[in-house]
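Student: Have a look at this one.
The values are calculated or read from the model by the stated rules, or taken from the named source; none is laboratory data. Here the structure is a predicted model, which is why all the values come from computation and not from measurement. Every residue, glycine as well, gets a Cβ built from its backbone with ideal geometry; the counts of neighbours run over all protein chains shown.
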């Protein structure tokens with residue numbers, strides 16, 4: 001059932017995903033990236049905001065902080081998994097893998113490469129502070145909408 005907290009969580013996490021992607025684009029130079037990465041990440045953010053953060057809102061400010069941080073981490077891991085799968089599928093269509101294990105190893109290597117590139121203070125702070133702030137906003141939204 002749609003609620004105000006789910007809608008707000010969906011919109012704010014979509015915005016966070018879009019902003020982090022735009023901030024990370026210069027860091028990803030030389031690595032395979034999808035041209036529509038910002039849109040994909042915004043859609044992932046909208047999904048985790050709706051299904052994880054919006055559903056769990058309403059437990060107080062401390063639970064709100066936990067909710068925002070948990071949703072941010074889930075969104076980050078899901079984003080890495082989706083982009084790794086896209087990389088693997090595109091490369092597999094070009095016939096560059098000998099067997100499925102070779103493809104999975106390449107995907108894991110891609111995840112590690114991207115994670116190392118994104119491990120900079122600007123990205124980490126934006127994700128951390130953005131997730132915490134969104135969690136608090138969701139608590140306020142849940143309190144006002146109830």
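Student: Give the residue that is nearest to the chain's Cα centre (by Cα), with candidates limited to residues of region 12-32 that are surrounded by fewer than 17 Cβ atoms within 10 Å (Cβ to Cβ) and over 19 Å from residue 120 (Cβ atoms). Break it down into steps so the answer makes sense when it comes.
Tutor: Filtering region 12-32 for residues surrounded by fewer than 17 Cβ atoms within 10 Å (Cβ to Cβ) gives 15, 22-23, 25-32.
Adding the requirement that they be over 19 Å from residue 120 (Cβ atoms) leaves 15, 32.
Values: 15: 10, 32: 18 Å.
The selected residue is 15.
Student: Further, regarding this structure: Can you tell which of 86, 73 is on the phi < 0 side of the Ramachandran plot and surrounded by 16 or more Cβ atoms within 10 Å (Cβ to Cβ)?
Tutor: Details: 73 fails: surrounded by 16 or more Cβ atoms within 10 Å (Cβ to Cβ).
That would be 86, the only listed residue that is on the phi < 0 side of the Ramachandran plot and surrounded by 16 or more Cβ atoms within 10 Å (Cβ to Cβ).
Student: Would you kindly identify the helices (runs of 4 or more DSSP H) lying entirely within region 58-146 that contain at least 1 residues that are within 16 Å of residue 11 (Cα to Cα)?
Tutor: By residue number, 61-93, 121-145.
Student: Contact list please: Cβ distance under 6 Å, first residue in region 111-131 and over 20 Å from residue 18 (Cβ atoms), second residue in a helix (DSSP H, G or I), pairs at least six apart or on different chains.
Tutor: Every condition considered, the pairs that remain are 111/80; 111/84.
Student: Another question, if that's okay. Six or more apart or on different chains, Cβ atoms under 8 Å: show the pairs whose first residue is in region 15-38 and touching a residue at least 24 places away in the same chain (Cβ under 8 Å) and whose second is surrounded by 12 or more Cβ atoms within 10 Å (Cβ to Cβ) and part of a loop (DSSP other than H, G, I, E, B).
Tutor: Listed pairs, sorted by first residue: 27/120.
Student: Something else now. Taking only region 56-69 into account, find how many residues are surrounded by fewer than 19 Cβ atoms within 10 Å (Cβ to Cβ) and in contact (Cβ under 8 Å) with a residue 40 or more places away in the chain.
Tutor: Filtering region 56-69 for residues surrounded by fewer than 19 Cβ atoms within 10 Å (Cβ to Cβ) gives 58-63, 65-66, 69.
Still in the list and also in contact (Cβ under 8 Å) with a residue 40 or more places away in the chain: 58-61, 63, 65-66, 69.
Residues that pass the stated criteria total 8.
Student: Residues in region 33-55: is at least one modelled with pLDDT under 95 and surrounded by 21 or more Cβ atoms within 10 Å (Cβ to Cβ)?
Tutor: Yes; the residues of region 33-55 include at least one that is modelled with pLDDT under 95 and surrounded by 21 or more Cβ atoms within 10 Å (Cβ to Cβ).
Student: Taking the condition closer than 23 Å to residue 43 by Cα and in contact with a helix residue (DSSP H, G or I) (Cβ under 8 Å, 6 or more places away or on another chain), does residue 117 pass?
Tutor: yes
Student: For residue 43, indicate whether it is touching a residue at least 40 places away in the same chain (Cβ under 8 Å) and not in a loop (DSSP other than H, G, I, E, B).
Tutor: So residue 43 fails the test.
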